[in-house]
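**Q** Dropping a structure here in C-alpha cells format, bear with me for questions.
The values are calculated or read from the model by the stated rules, or taken from the named source; none is laboratory data. Because the structure is predicted, anything quoted here is derived from the model rather than measured. Here the Cβ positions follow ideal geometry from the backbone for every residue, glycine too, while neighbour counts run over all protein chains shown. Ligands, DNA and RNA are excluded from the accessible area calculation, which covers all protein heavy atoms including side chains. Shrake-Rupley method; radii C 1.70, N 1.55, O 1.52, S 1.80 Å.
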Amino acid sequence: MESIHKKLAIVGEVGAGKTQLIKVISEISPFATEAKSTEDIGKDFTTVGIDYGRLSLDQDVALGLFGLPGQKRFSMLWEMVRKGLWGLLILVKYGDELNAEALNTLLEFFQPTENSLPVVVGITHAENADSDALDELSGRVEAILLEHNTFAPIMPVDPRQVESSLMLLELFLSLNQFAEPEANPNEYMNYDGGVEVNG
C-alpha cells in the first residue's frame, strides 16, 4: 500500500517551544534551523527557518512536523507548507504579552475556516501559571479566533513532555475525524509515538 503523508504546521512566537515539541515527539532526528539570538529572549537560540520532524499516525500514514517562526517576515516559509495541511498548531507563550497582531496575521494567512483546517492552540510555559491569568489569556486568544470565525481547543502544554505534547495530536485526530465522518472512530494516539487501530 502506498504511504500517505500529512502535514502539521507548528507556529509560534520566539521561545514558544516549537523546536522542543518537535524534538520530543519526532521519530527521526529532527532537522532544526536555529541561530544564535541577538536579542534577550530567554534562550540562546531561536528558529530562523523550518524545523522538521516526522511521526507515524498509522502503519501507512506519516505526519510531517513543520515548525515555523510566528513573525510575519517569515511568511514565505508559511507559504511553503500551507497547501494541504492536516492541521495548524499555534503555540502561545504564557508570561509574555499576547501579540494579537501576530495572531491575527497568522489566521488571515492560513484562513482555517475557509480551508476547513483544524486548529489547536497550546499555551506553553504555563506549568506554574496562575489559573485566573491563564483563563484570561485563553479568553483573549479565543476572542481573536472568533473574530476569524475559528473555533479551536485551547489547552496548556509542556513541550518538554511526550505525553503532554501528544495530547495536542489527539485533539487533531478528533477534529479531523469530525471533519471526515468516514474516518475510523477507533483510532487513538499511542504515547510511544504512533496510532493504533482497534478491531
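Condition check ((1) surrounded by fewer than 16 Cβ atoms within 10 Å (Cβ to Cβ); (2) touching a strand residue (DSSP E or B) at 6+ places or on another chain (Cβ under 6 Å); (3) of a type in the set (Lys, Arg)) across all residues:
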position: Phe74; (1), (2), (3): no, no, no
position: Leu77; (1), (2), (3): no, yes, no
position: Met80; (1), (2), (3): yes, no, no
position: Ile90; (1), (2), (3): no, yes, no
position: Gly95; (1), (2), (3): yes, no, no
position: Leu98; (1), (2), (3): no, no, no
position: Leu107; (1), (2), (3): no, no, no
position: Gln111; (1), (2), (3): yes, no, no
position: Val119; (1), (2), (3): no, yes, no
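**Q** Cβ-Cβ distance below 7 Å, separation of 6 or more or different chains: which pairs start in the range 70-81 with a residue that is assigned to a helix (DSSP H, G or I) and end on one that is among the aromatic types (Phe, Trp, Tyr)?
**A** Listed pairs, sorted by first residue: Ser75/Phe109; Trp78/Phe109; Val81/Phe66.
**Q** Related question: Could you list, in sequence order, the residues of the range 156-175 that are in a helix (DSSP H, G or I) and open to solvent by 20 Å² or more (accessible area, probe 1.4 Å)?
**A** If the condition is that a residue be in a helix (DSSP H, G or I) and open to solvent by 20 Å² or more (accessible area, probe 1.4 Å), then Val162, Glu163, Ser164, Met167, Glu170, Leu171, Ser174, Leu175 are the ones that fit.
**Q** Please work out if Leu145 is out of contact with any helix residue (DSSP H, G or I) (no Cβ under 9 Å at 6 or more places or on another chain), among the hydrophobic types (A, V, I, L, M, F, W, C) and modelled with pLDDT of 95 or more.
**A** It is false that Leu145 is out of contact with any helix residue (DSSP H, G or I) (no Cβ under 9 Å at 6 or more places or on another chain), among the hydrophobic types (A, V, I, L, M, F, W, C) and modelled with pLDDT of 95 or more.
**Q** For the range 38-97, which residues satisfy the criterion of being among the acidic types (Asp, Glu), over 15 Å from Gln20 (Cβ atoms) and modelled with pLDDT of 80 or more?
**A** Hits for the range 38-97 are Asp58, Asp60, Glu79, Asp96, Glu97.
**Q** Hey, can you tell me all the residues within the range 140-154 that are open to solvent by less than 50 Å² (accessible area, probe 1.4 Å), part of a helix (DSSP H, G or I) and touching a strand residue (DSSP E or B) at 6+ places or on another chain (Cβ under 9 Å)?
**A** Listed by number, the residues that qualify are Val141, Leu145.
**Q** On to the next question. Considering only residues that are in a loop (DSSP other than H, G, I, E, B) and either modelled with pLDDT of 65 or more or under 13 Å from the mean Cα position of the chain (by Cα) (or both), which ones fall in the range 10-37?
**A** Glu13, Val14, Gly15, Ala16, Gly17, Ser26, Glu27, Ile28, Ser29, Pro30, Ala32, Thr33
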